[in-house]
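Engineer: What follows is a single structure, and I will ask about it in a moment.
Each reported figure results from applying straightforward, stated rules to the coordinates on display, with no laboratory input. The structure displayed is predicted, hence computed values, not measured ones. FYI the Cβ positions are ideal-geometry reconstructions off the backbone, even for glycines, and counts take in every protein chain you see.
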Amino acid sequence: MRSYAAVDLGASSGRVMVGRVSPHSLELAEAHRFVNRPVRVPEGLRWDVLSLYAGVLDGLRAAGQVDSVGIDSWAVDYGLLDGDGVLLGNPVHYRDARTDGVAEKVWATVPAAELYAATGLQYAPFNTLYQLTAARGTSQLANAERLLLIPDLLSYWLTGEQGTELTNASTTQLVDPRTREWSYDVADRLGIDLGLFAPLRQPGDPAGVLRPGVLEETGLTGPVPVTAVGSHDTASAVAAVPATGERFAYICTGTWSLAGLELEAPVLTEDSRAANFTNELGLDGTVRYLRNIMGLWLLQECVRAWGEPELGGLLREAAAVPALRSVVDAGDAAFLAPGRMPERIAEACRASGQPVPRTPAEITRCILDSLALAHRRAVEEAQRLADHPVDVVHVVGGGTRNALLCQLTADACGLPVVAGPTEAAALGNVLVQARAHGMVGDRAAMRRLLARTQPLTRYEPQGGTGRWREAEARIATR
Ligand code: LFR
């Protein structure tokens with residue numbers, strides 16, 4: 001039996017989990033959870049990365065002695081360091097408005113079709129490539145000698161060692177998914193200095209040991225190695241999909257829904273670009289072929305606007321609202337920015353000529369129906385575009401707690417949904433560490449261990465998919 005600490009940072013909270021692993025058992029316990037509260041300063045929306053680091057240290061102290069530490073977080077964002085290795089300002093939040101209108105400028109130099117063929121990444125305004133273009137000419141970027149993605153930055157503070165973990169690097173839109181190396185041509189044409197990035201490392205690679213100062217602050221006894229994991233949270237979550245065969249789709253649910261397939265090779269066709277599917281990199285040479293859907297962010301933002309009512313009651317009321325009265329396109333980047341979410345959803349329903357949901361229960365129902373519909377669309381289109389049929393949809397992450405969403409997803413996809421594990425990213429993080437240290441076997445063995453040890457709930461599809469097809473036609477604008 002060995003213990004691994006998984007630091008897993010999400011957009012609204014961070015946690016340090018401890019996984020206890022043997023070749024036949026896998027247990028996960030929460031050591032510490034802390035809020036991740038972005039801050040709006042005059043220049044825009046920023047991550048409070050020092051408070052996140054403090055949360056990580058508190059978490060490691062609470063975790064106690066472990067055999068290794070791994071870190072994963074949301075993707076694309078980064079901190080810049082000066083020549084002394086000192087952080088230059090707070091990392092910019094990917095929902096910040098600085099990238100508005102930037103993509104068009106990039107495409108004037110590298111047309112969108114070429115960019116997709118070279119990097120395989122879907123268009124999202126926040127891809128690091130667009131963020132770096134938005135930052136051009138700022139004194140911060142001019143003074144930067146190093147760029148570290150968020151998990152790599154925390155890892156650097158813990159160990160003093162710098163690297164760029166590959167799965168997360170693949171979300172920068174500066175990596176070629178065929179070679180799994182930097183896309184020198186794209187960077188060159190856009191004037192992006194790849195020398196800012198530390199050398200690539202793979203999930204499972206050693207990433208240093210906790211510094212003496214960190215050992216002292218956390219009360220741990222060294223040496224404690226830090227191990228690179230799939231440091232993009234979605235890569236870790238996909239690693240923890242408890243699939244027992246090849247014919248599965250997954251939906252990683254939380255602030256986002258990331259819906260798609262695990263493939264052996266990227267799909268870089270023009271059809272795939274038009275459908276806005278991304279080819280992010282996963283473990284062991286795999287490709288995470290998926291689409292970003294706004295996810296429970298839509299509901300989180302409404303709940304915030306409504307003054308944080310109790311979620312259980314709201315979901316029960318939503319379950320009683322008639323299904324599919326109005327739906328919105330939950331893949332639409334128009335929902336990316338924070339604020340006024342109930343109004344924006346109402347406006348989208350009005351604009352597409354559907355009944356306008358008014359009460360919190362009606363709006364919640366509209367959101368859940370819309371998410372299930374977007375899940376259906378992504379699962380269906382991914383199968384067609386990748387020519388990879390599936391028999392089951394695995395739902396992992398925070399959304400597994402939402403039984404209505406899981407059932408609606410099964411109904412909409414016309415496929416059984418297997419829901420669980422909820423803490424998928426942390427489990428994937430733990431298992432990659434365990435594998436690197438020889439405690440578990442290959443990817444399939446990791447998945448078998450998950451399927452045997454984690455509580456999973458199965459939802460059978462009900463009611464046929466006809467009404468979902470009809471609802472889809474109401475918002476078929478793509
Ligand atoms: C999920 C996630 C998504 C990424 C988004 C922004 O937490 O990592 O995969 O597209 O956040 O980084």
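Engineer: Let me understand the stretch 1-95 better: what is its radius of gyration from the alpha carbons, and its Dmax, in angstrom?
Structural biologist: Here Rg and the maximum Cα pair distance are 15.4, 52 Å.
Engineer: May I pose another question? Listed highest first by mean packing, meaning other Cβ atoms within 10 Å per residue, what order do 117-126, 444-453 come in?
Structural biologist: So the order, starting with the most tightly packed, is 117-126, 444-453.
Engineer: Also: Taking the stretch 154-197 as the region of interest, what is the percent of Cα-Cα pairs per 10 angstrom bin, listed from the shortest bin to the one with the maximum distance?
Structural biologist: Calculated P(r), rounded to whole percents: 25, 49, 23, 3.
Engineer: Set the Förster distance to 25 Å, then compute FRET efficiency between residue 65 and residue 457 from the Cβ-Cβ distance, nearest 0.05. Provide the component values of the computation, followed by the final result.
Structural biologist: Working: r = 34 Å, r/R0 = 1.36.
Once rounded, the FRET efficiency stands at 0.15.
Engineer: For the stretch 257-354, what Kirkwood radius comes out of the mean inverse Cα-Cα distance, in Å?
Structural biologist: It works out to 15.9 Å.
Engineer: Still on this structure, please answer the following. What is the sum of charges, Lys and Arg at +1 and Asp and Glu at -1, for the other residues whose Cβ falls under 11 Å from the Cβ of residue 187?
Structural biologist: Result for the local shell: -3.
Engineer: Just subtract the alpha-carbon distance of residue 211 and residue 24 from 0.36 nm times their residue separation and send over the number in nm, one decimal. Present the calculation step by step, with values, prior to reporting the outcome.
Structural biologist: Values: separation 187, 0.36 × 187 = 67.32 nm, distance 3.23 nm.
Taking residue 211 through residue 24 to full extension adds about 64.1 nm, to one decimal.
Engineer: Follow-up question, since we're still on this one. Please go through the stretch 175-262 and write out the GluC sites (Glu not before Pro) that DSSP classes as loop and that have at most 14 other C-beta atoms within 10 Å.
Structural biologist: 246
Engineer: Taking a ≥ b ≥ c as the square roots of the Cα gyration tensor eigenvalues, with a/c under 1.5 meaning rounded and otherwise prolate when a/b beats b/c, else oblate, which class fits the stretch 393-473?
Structural biologist: Cα axes put the stretch 393-473 in the prolate bin.
Engineer: Give, as ranges by residue number, the residues of the stretch 4-45 whose backbone N falls under 13 Å from the point 7 Å along Cα→Cβ of residue 448.
Structural biologist: Correct set: 23-25.
Engineer: Could you calculate the contour length gain from residue 319 to residue 193, that is, 0.36 nm times the residue separation minus the distance between their Cα atoms, to one decimal place in nm? Before the final figure, lay out the partial values.
Structural biologist: Numbers: separation 126, 0.36 × 126 = 45.36 nm, distance 5.12 nm.
So the extension gain works out to 40.2 nm.
Engineer: From the alpha carbon gyration tensor of the chain, can you work out the equivalent ellipsoid semi-axes (sqrt of 5 times each eigenvalue) and give them in Å, largest to smallest?
Structural biologist: The three semi-axes for the chain are 33, 27, 22 Å.
Engineer: Calculate how many DSSP beta bridges within the chain are antiparallel, expressed in % of all such bridges and rounded to the nearest 5.
Structural biologist: Of all bridge pairs located within the chain, approximately 70 percent are antiparallel.
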